[in-house]
Amino acid sequence: LASSYINLANPGTNNAAPGVAPTWDATNGWTFNGTSQYLATGITPSSNWSVLVRFSSAGVDGALFGCQTGGATSYFQIFPRGSSGASRLYRNGNVTGLAISGGAASGVVAVAGATAYYNGAPETGTLSNNLSGATTIFIGARNSTGTANGFFGGNIQAISIYNISIASYISALTTAINAL
């Protein structure tokens, strides 16, 4: 479990740290209970940032990762089964975000600037991509001005956070994250 927190791109920098530690195994990755478990990252995103997440066994209304503050332009998060399981909800900037009909129990989701992706394909619609004043990112929940909420119930096999847009690499990155 402790080794799973290490930032593979730059060990020792922005490693994940348990808020309340999930369980871990080599097949399922991190398993979050949907009520209290999350990881802190210390990463504060801004506009044009990207994230890619491979997940499975997703419960309803939990954030794979996220951060938000009370402002209208400070949301960066993905709910794979938001709105009681009816939609995939992506936010990169404003609270409205992009809701796509049909929640997902598993797959690879991503946000890259103004575009959301599911299993390597772009979703219909655009995100505001005007993130400002965000808090640090939590994994398995969202950081709501320093408090974990929106807890995810399910498994996260891999997550990768970028300070650039990964839009031109989505296909290759989706293939790579599925090969882990």
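If you take the residues of segment 138-151 that are touching a strand residue (DSSP E or B) at 6+ places or on another chain (Cβ under 9 Å) and over 14 Å from Ala21 (Cβ atoms), which of them is surrounded by the fewest Cβ atoms within 10 Å (Cβ to Cβ)? Within segment 138-151, the match that is surrounded by the fewest Cβ atoms within 10 Å (Cβ to Cβ) is Thr145.
Okay, residues lined up against (1) β-branched (Val, Ile, Thr); (2) modelled with pLDDT under 95:
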residue: Ser101; (1), (2): no, no
residue: Leu131; (1), (2): no, yes
residue: Ile161; (1), (2): yes, no
residue: Ile170; (1), (2): yes, no
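If you go through segment 120-139 one residue at a time, do you hit one that is over 21 Å from Tyr169 (Cβ atoms), in a loop (DSSP other than H, G, I, E, B) and free of Cβ contacts under 8 Å to residues at least 12 places away in the same chain? Taking every residue of segment 120-139 in turn, none turns out to be over 21 Å from Tyr169 (Cβ atoms), in a loop (DSSP other than H, G, I, E, B) and free of Cβ contacts under 8 Å to residues at least 12 places away in the same chain.
Only one entry in Ser47, Ser87 is open to solvent by less than 60 Å² (accessible area, probe 1.4 Å), without any contact (Cβ under 8 Å) to a residue 24 or more places away in the chain and under 27 Å from Pro122 (Cβ atoms), namely Ser87.
Applying the set (1) surrounded by 21 or more Cβ atoms within 10 Å (Cβ to Cβ); (2) assigned to a loop (DSSP other than H, G, I, E, B) to Leu180 leaves exactly one unmet item: (1).
Taking segment 53-82, which residues are within 23 Å of Pro18 (Cβ to Cβ), outside any strand (DSSP E or B) and touching a strand residue (DSSP E or B) at 6+ places or on another chain (Cβ under 6 Å)? Ser57, Ala58, Gly59, Gly62, Ala63, Leu64, listed by residue number. Within segment 163-172, the set of residues being touching a residue at least 60 places away in the same chain (Cβ under 8 Å) and surrounded by fewer than 18 Cβ atoms within 10 Å (Cβ to Cβ) comprises Asn163, Ile164, Ala167. Please go through segment 1-32 and pick out each residue that is closer than 18 Å to Ile177 by Cβ, in a loop (DSSP other than H, G, I, E, B) and of a type in the set (A, V, I, L, M, F, W, C). Of everything in segment 1-32, those that are closer than 18 Å to Ile177 by Cβ, in a loop (DSSP other than H, G, I, E, B) and of a type in the set (A, V, I, L, M, F, W, C) turn out to be Ile6, Leu8, Ala9, Ala16, Ala26. Among all positions in segment 90-109, there is at least one residue which is in contact (Cβ under 8 Å) with a residue 60 or more places away in the chain, in a strand (DSSP E or B) and either under 18 Å from Ser57 (Cβ atoms) or in contact with a Lys or Arg (Cβ under 7 Å, 6 or more places away or on another chain) (or both).
Conditions tested, residue by residue: (1) under 18 Å from Ser144 (Cβ atoms); (2) open to solvent by 30 Å² or more (accessible area, probe 1.4 Å).
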| site | (1), (2) |
| --- | --- |
| Gly29 | no, no |
| Phe55 | no, no |
| Gly70 | yes, yes |
| Thr73 | yes, yes |
| Phe76 | yes, no |
| Asn94 | yes, yes |
| Gly103 | no, yes |
| Ala110 | no, no |
| Tyr118 | no, yes |
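The residue of segment 33-44 that is nearest to Ala134 (Cα to Cα), among those that are outside any strand (DSSP E or B) and not β-branched (Val, Ile, Thr), is Gly42.
Taken together, the criteria place Gly66 among residues that are closer than 17 Å to Ala110 by Cβ, touching a residue at least 12 places away in the same chain (Cβ under 8 Å), out of contact with any Ser or Thr (no Cβ under 8 Å at 6 or more places or on another chain) and of a type outside the set (Ser, Thr, Tyr).
The values are calculated or read from the model by the stated rules, or taken from the named source; none is laboratory data. Predicted, not measured: the structure shown is a model, and the values here were computed from it. A quick note on method: Cβ atoms are made from the backbone with ideal geometry, for glycine too, and the neighbour counts reach across all protein chains shown. Accessible surface areas use protein heavy atoms only, side chains included; no ligands, DNA or RNA. Shrake-Rupley method; radii C 1.70, N 1.55, O 1.52, S 1.80 Å.
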